[in-house]
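Visitor: Below: one structure in structure tokens.
The values are calculated or read from the model by the stated rules, or taken from the named source; none is laboratory data. Because the structure is predicted, anything quoted here is derived from the model rather than measured. With ideal geometry, Cβ positions are generated from the backbone for all residues, glycine too; neighbour counts draw on all protein chains shown. Protein only, heavy atoms only, side chains kept; ligands, DNA and RNA dropped before computing areas. Shrake-Rupley method; radii C 1.70, N 1.55, O 1.52, S 1.80 Å.
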2 protein chains.
Amino acid sequence: MLRSATHTPTVVTVEFDTGTQARFHAIWLRDNALDPETRSPGNGQRLITVGDIPTDIRIDAAEVVDGDLRVTFQPEDKSVTFPSDWLATHIYDHDQDADFGRTAPGITTWQRGIDAPVAHWAEVHATPAVKRNWLAAVAEYGFAKLTGGPTEPEALLKVADLFGYVRETNYGPYFEVRTEVNPTNLAYTGLGLQAHTDNPYRDPVPTLQILYCLENSAEGGESIVVDGFRAAEKLRDQNPDGFALLAGYPARFEYKGSDGVCLRSRRPMIELSPDGELVGIRFNNRSSAPFVDVPFDKMEAYYAAYRQLGEIIDDPAMGVSFKLEPGESFIVDNTRVLHARLGYSGAGSRWLQGCYADKDGLLSTLAAMQMATPEAAE
Amino acid sequence: MLRSATHTPTVVTVEFDTGTQARFHAIWLRDNALDPETRSPGNGQRLITVGDIPTDIRIDAAEVVDGDLRVTFQPEDKSVTFPSDWLATHIYDHDQDADFGRTAPGITTWQRGIDAPVAHWAEVHATPAVKRNWLAAVAEYGFAKLTGGPTEPEALLKVADLFGYVRETNYGPYFEVRTEVNPTNLAYTGLGLQAHTDNPYRDPVPTLQILYCLENSAEGGESIVVDGFRAAEKLRDQNPDGFALLAGYPARFEYKGSDGVCLRSRRPMIELSPDGELVGIRFNNRSSAPFVDVPFDKMEAYYAAYRQLGEIIDDPAMGVSFKLEPGESFIVDNTRVLHARLGYSGAGSRWLQGCYADKDGLLSTLAAMQMATPEAAE
């Protein structure tokens, strides 16, 4: 509820009944008007362009009506109501200075010692609240396990169906992760793999990865996940200048292990939004190409930061490890959580299937579920 | 060919027979060594991590052997040869200060007056050089037409097959662009649409879009493409502070026009790499959400820059327009080139099919073709 509203020609100042005050500009209010001539009632899309708003837009009147804000704009002589709750959730008149390298709201970073978020195949399919919580875990922690699934090839595609769409690549709609004779990728060997994000040589990277276990009786082959955002936070705390170097210059990544494929990217290892929010990690020793965008006089410090980030990532205190059983799978946010595997050999076999998908579908499905059935008190 | 090589424990300095001098650090050379213990001979992937390199890595000897550089590293007592040509293409010892908002090498910006790059369906399928040039046009100009294709539903999927993979979304593997009774998106009406990039509310955005014409006998409905990078360059030249605001703060985008879909993103309208290279444009009046990440005291200037960018984009001097005939299609780099359509109505019909794909596949196919058959003198 609003307590009061005052205005100048260019700014409305409102006071909420909580005592919070906030200012909104005329141009911002007009662009975001919620009336049916500005926003399509059917699909919510904006019907006007910024150029349709008069350059001399100004506020002629601003008053509180039934607790909401009613504004009259000139020269259009147009009156629009802005609900108090809507205004409260869209306040921008506050201190926007935030920490360099901070994580977004809703993200919780972690390291070894947490219980891996997990759901059961049958429940996640049968019970919307279980599915919602499982998707919410991927959004918050960047990974989650799924247990009790069928031991059938292509079952991983049903995991993607829970929330979105497979991203097909040169590796196919999905790929086999098992030892091959002439491997086009070191993933298809028994070698251990340092914790990494997948396909940093691809732009855009696949933002989700699903790894699904069909056989795992070999010695070794445990999976380890590491929170790249926690690793970045540690680097920032220990070596802020090194953090700034890894965020401030693009690395290069490359893959050309198969005929007809030559993938290259130029993106930083630590990606920040322009206002300093952590939005992505790319880390992969196998596919790092020569870094040629770092100035000569900063290259040694850049490499020192790269080494330090690698040490943090390799630190056993960072990783959550588990050995997948047949019918178990896990999903990682490939822009954040690194995955590793221990080497394996000897008798028995290890067969995983992997595929990529994208976060837009997962976060959309989650948001739609949260709007449909707001979270119970828990 | 190298003329000479000198070294300190941490740096090798080489002189090419062109007279160019360049320095390379010990740690950089060791990490990028090309020997079979460092790089898998089969697939080219790196077998070591940065942590495998001794912290006291140093250069013990550097000499020119048959025109190439031979370096011996201690304490590993490891000797590695770096071909002269490889060194020349990986020089980083030069002035890395480049213009803020510059375009990447290989990008040519344009505006009205250029001939739309075009290829013929049969030729692009039959002749590798035609296909390569068509893909190269998309890489350089961000769009290209394809004429003479079949007038069959789903033909657009065959366009994607030429270079990569469809990105399926909530709109399906592809979608129908024609007038609907209860449109979930304004694209499915006869309204004109301001030039825009598609799906900025999705993260990652689809980086390519294909629009394929099956019927187009209605009045109007012309397609217009606008180079968003040229528009950004113009804004930067006319209003550098405004350019910095649009690049410096995230915008917000949102779409929830269908049940079960709620897509949101927080990304800037003008996206730069951390070292200032233009990497993406997001511009869409219909799906812009309230901008809440711009400080209050910068909001009016931000909106002024947004309006100015919109005016540049809407300027008839910017757009290349054409009316698609049945069997014709075009592809746009959706991170760069905006597309618009004029409104249509009256007798006749307009039916396009659209789909999304990603640039990684296109650029990989192009790079592999260029390596296989280097460009003829032309």
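Visitor: Out of the residues in segment B:323-378 meeting the condition of being in a helix (DSSP H, G or I) and among the small types (G, A, S), tell me which one is nearest to B:P150 (Cα to Cα).
Guide: Here the answer is B:G361.
Visitor: When segment B:40-65 is examined, which residues are found to be more than 9 Å from chain A (Cβ to nearest Cβ) and at pLDDT 95 or above?
Guide: Once the filter is applied, which keeps residues that are more than 9 Å from chain A (Cβ to nearest Cβ) and at pLDDT 95 or above, segment B:40-65 yields B:P54, B:D56, B:I57, B:R58, B:I59, B:D60, B:A61, B:A62, B:E63, B:V64, B:V65.
Visitor: Looking at (1) at the interface with chain A (Cβ under 7 Å from one of its Cβ atoms); (2) farther than 21 Å from A:P250 by Cβ; (3) at pLDDT 95 or above, which one does B:P268 not meet, given that it meets all the others?
Guide: Unmet condition: (2).
Visitor: Out of everything in segment B:13-38 that is of a type in the set (A, V, I, L, M) and over 14 Å from B:A88 (Cβ atoms), what residue ends up being modelled with the lowest pLDDT?
Guide: Residue satisfying both the conditions and the ranking: B:L34.
Visitor: Quick check: anything in segment B:119-134 modelled with pLDDT under 95 and of a type in the set (F, W, Y)?
Guide: no
Visitor: Going through segment B:107-139 one residue at a time, which ones are of a type outside the set (G, A, S), surrounded by fewer than 17 Cβ atoms within 10 Å (Cβ to Cβ) and farther than 18 Å from B:S223 by Cα?
Guide: B:T108, B:H120, B:E123, B:H125, B:T127, B:P128, B:V130
Visitor: Would you mention how many residues in segment A:103-116 are in contact with a helix residue (DSSP H, G or I) (Cβ under 9 Å, 6 or more places away or on another chain) and of a type outside the set (S, T, N, Q)?
Guide: Going through segment A:103-116 one residue at a time, the tally reaches 5.
Visitor: For segment B:70-78, does any single residue satisfy the condition of being within 14 Å of chain A (Cβ to nearest Cβ) and surrounded by 17 or more Cβ atoms within 10 Å (Cβ to Cβ)?
Guide: Looking for residues that are within 14 Å of chain A (Cβ to nearest Cβ) and surrounded by 17 or more Cβ atoms within 10 Å (Cβ to Cβ), one finds none in segment B:70-78, hence no.
Visitor: Can you work out which of the residues in segment B:304-317 that are of a type in the set (G, A, S) and more than 9 Å from every other protein chain (Cβ to nearest Cβ) is farthest from A:N32 (Cα to Cα)?
Guide: Top of the filtered list is B:A317.
Visitor: Name the residue that is farthest from the other protein chains (Cβ to nearest Cβ), counting only residues in segment A:271-303 that are hydrophobic (A, V, I, L, M, F, W, C) and under 15 Å from the mean Cα position of the chain (by Cα).
Guide: A:I281
Visitor: A follow-up question, please. Identify all residues within segment A:248-264 that are touching a strand residue (DSSP E or B) at 6+ places or on another chain (Cβ under 7 Å), open to solvent by less than 10 Å² (accessible area, probe 1.4 Å) and facing chain B (nearest Cβ under 9 Å); write none if there are none.
Guide: A:P250, A:Y255, A:L263
Visitor: Follow-up question, since we're still on this one. A:Q353 is checked against (1) in contact with a Pro (Cβ under 9 Å, 6 or more places away or on another chain); (2) open to solvent by 10 Å² or more (accessible area, probe 1.4 Å); (3) not β-branched (V, I, T) and fails just one. What number does that condition carry?
Guide: So the condition that A:Q353 fails would be (2).
Visitor: Between A:G220, A:G192, A:G242, which is small (G, A, S), over 20 Å from A:P117 (Cα atoms), within 14 Å of chain B (Cβ to nearest Cβ) and surrounded by fewer than 20 Cβ atoms within 10 Å (Cβ to Cβ)?
Guide: Sole residue among the options that is small (G, A, S), over 20 Å from A:P117 (Cα atoms), within 14 Å of chain B (Cβ to nearest Cβ) and surrounded by fewer than 20 Cβ atoms within 10 Å (Cβ to Cβ): A:G192.
Visitor: Taking the condition in the same structural domain as B:H339 (by TED's automatic domain parsing) and open to solvent by 10 Å² or more (accessible area, probe 1.4 Å), does B:I210 pass?
Guide: Judged against the criteria, B:I210 is not a match.
Visitor: Quick check, is A:E76 out of contact with any Leu (no Cβ under 9 Å at 6 or more places or on another chain), of a type outside the set (A, V, I, L, M, F, W, C) and over 26 Å from A:D275 (Cβ atoms)?
Guide: So A:E76 passes the test.
Visitor: Might you check whether a residue that is within 24 Å of B:R266 (Cα to Cα), part of a strand (DSSP E or B) and free of Cβ contacts under 8 Å to residues at least 40 places away in the same chain occurs anywhere in segment A:46-57?
Guide: yes
Visitor: Further question: Quick test of your reading of the structure: B:V181 fulfils all but one of (1) touching a residue at least 12 places away in the same chain (Cβ under 8 Å); (2) farther than 30 Å from A:P274 by Cβ; (3) aliphatic (A, V, I, L, M); (4) within 14 Å of chain A (Cβ to nearest Cβ). Name the failing condition by number.
Guide: (1) is the only condition that B:V181 fails.
Visitor: Considering only segment A:299-340, state which residues are out of contact with any helix residue (DSSP H, G or I) (no Cβ under 6 Å at 6 or more places or on another chain) and of a type in the set (K, R).
Guide: The one that is out of contact with any helix residue (DSSP H, G or I) (no Cβ under 6 Å at 6 or more places or on another chain) and of a type in the set (K, R): A:K323.
Visitor: Now for a separate question. Taking the criterion of being among the aromatic types (F, W, Y) and either farther than 21 Å from B:G221 by Cα or under 21 Å from the mean Cα position of the chain (by Cα) (or both), would at least one residue in segment B:312-327 satisfy it?
Guide: The answer is no, given that none of the residues of segment B:312-327 is among the aromatic types (F, W, Y) and either farther than 21 Å from B:G221 by Cα or under 21 Å from the mean Cα position of the chain (by Cα) (or both).
Visitor: Quick one: in segment A:223-239, which of the residues that are surrounded by 18 or more Cβ atoms within 10 Å (Cβ to Cβ), among the charged types (D, E, K, R) and over 30 Å from A:H120 (Cβ atoms) is nearest to the chain's Cα centre (by Cα)?
Guide: A:E233
Visitor: Any residue that is closer than 20 Å to B:E311 by Cβ and either within 9 Å of chain B (Cβ to nearest Cβ) or not in a loop (DSSP other than H, G, I, E, B) (or both) - is there at least one of those in segment A:3-26?
Guide: For segment A:3-26, residues closer than 20 Å to B:E311 by Cβ and either within 9 Å of chain B (Cβ to nearest Cβ) or not in a loop (DSSP other than H, G, I, E, B) (or both): present.
Visitor: Which condition number in (1) open to solvent by less than 70 Å² (accessible area, probe 1.4 Å); (2) of a type outside the set (G, A, S); (3) out of contact with any Ser or Thr (no Cβ under 6 Å at 6 or more places or on another chain); (4) under 18 Å from B:Q209 (Cα atoms) is the one that B:L146 fails?
Guide: Condition not satisfied by B:L146: (3).
Visitor: Next up: For residues that are within 11 Å of chain B (Cβ to nearest Cβ) and open to solvent by 40 Å² or more (accessible area, probe 1.4 Å), tally how many sit in segment A:27-38.
Guide: The qualifying residues number 1.
Visitor: List the number of the failed condition for A:D85; all other conditions in (1) within 14 Å of chain B (Cβ to nearest Cβ); (2) over 27 Å from A:G354 (Cβ atoms); (3) crowded, with 16+ Cβ neighbours inside 10 Å; (4) at pLDDT 95 or above hold.
Guide: (3)
Visitor: Pick from segment A:77-106 the residues that are free of Cβ contacts under 8 Å to residues at least 40 places away in the same chain and of a type in the set (D, E): which of them is farthest from A:E140 (Cα to Cα)?
Guide: By that ranking, first place goes to A:D77.
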